[in-house]
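Read-outs throughout are calculated quantities, based only on the coordinates presented, and are distinct from any laboratory measurement. These numbers come from a predicted model, not from an experiment. Every residue, glycine as well, gets a Cβ built from its backbone with ideal geometry; the counts of neighbours run over all protein chains shown.
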Amino acid sequence: MTECNVSGNKRGCNCTYEPCPRKGICCECIAYHRRNGELPACYFNEMEERTYDRSVENFIKIYRNMKKGSAG
Ligand code: SF4
């Protein structure tokens with residue numbers, strides 16, 4: 001069985017919510033946010049991540065704005 005690479009995952013993690021006990025444990029991270037209708041920090045850019053609004057609605061809003069920006 002493969003061990004979880006927590007320290008490696010942490011190096012690639014953009015989440016700024018430091019007290020989180022799930023940091024680096026990506027399976028717990030995504031399960032937690034999925035339960036709450038959210039996505040993990042790594043779906044958001046640096047600025048948006050810091051708002052801690054990880055809702056699917058916010059993700060869709062950002063994604064749509066990005067698409068509009070690239071279309072025009
Ligand atoms: S994205 Fe959420 S669950 Fe994952 S490390 Fe950050 S605060 Fe914790």
Residue pairs within 8 Å by beta carbon, gap of at least six or interchain, first lying in the stretch 45-64 and of a type in the set (S, T, Y), second outside any loop (DSSP other than H, G, I, E, B), listed first then second, are T51/N58; S55/E38
Restricting the stretch 1-47 to residues that are closer than 16 Å to N58 by Cβ and assigned to a helix (DSSP H, G or I), the one nearest to the ligand (Cβ to nearest atom) turns out to be A41
When every residue in the stretch 31-49 that is more than 9 Å from the chain's Cα centre (by Cα) and among the aliphatic types (A, V, I, L, M) is compared, the one farthest from E18 (Cα to Cα) is A31
Those residues of the stretch 28-72 which are of a type in the set (G, A, S), out of contact with any helix residue (DSSP H, G or I) (no Cβ under 6 Å at 6 or more places or on another chain) and within 24 Å of V6 (Cα to Cα) amount to A31
Of those in the stretch 51-63 that are surrounded by 14 or more Cβ atoms within 10 Å (Cβ to Cβ) and of a type in the set (D, E, K, R), the residue nearest to the ligand (Cβ to nearest atom) is R54
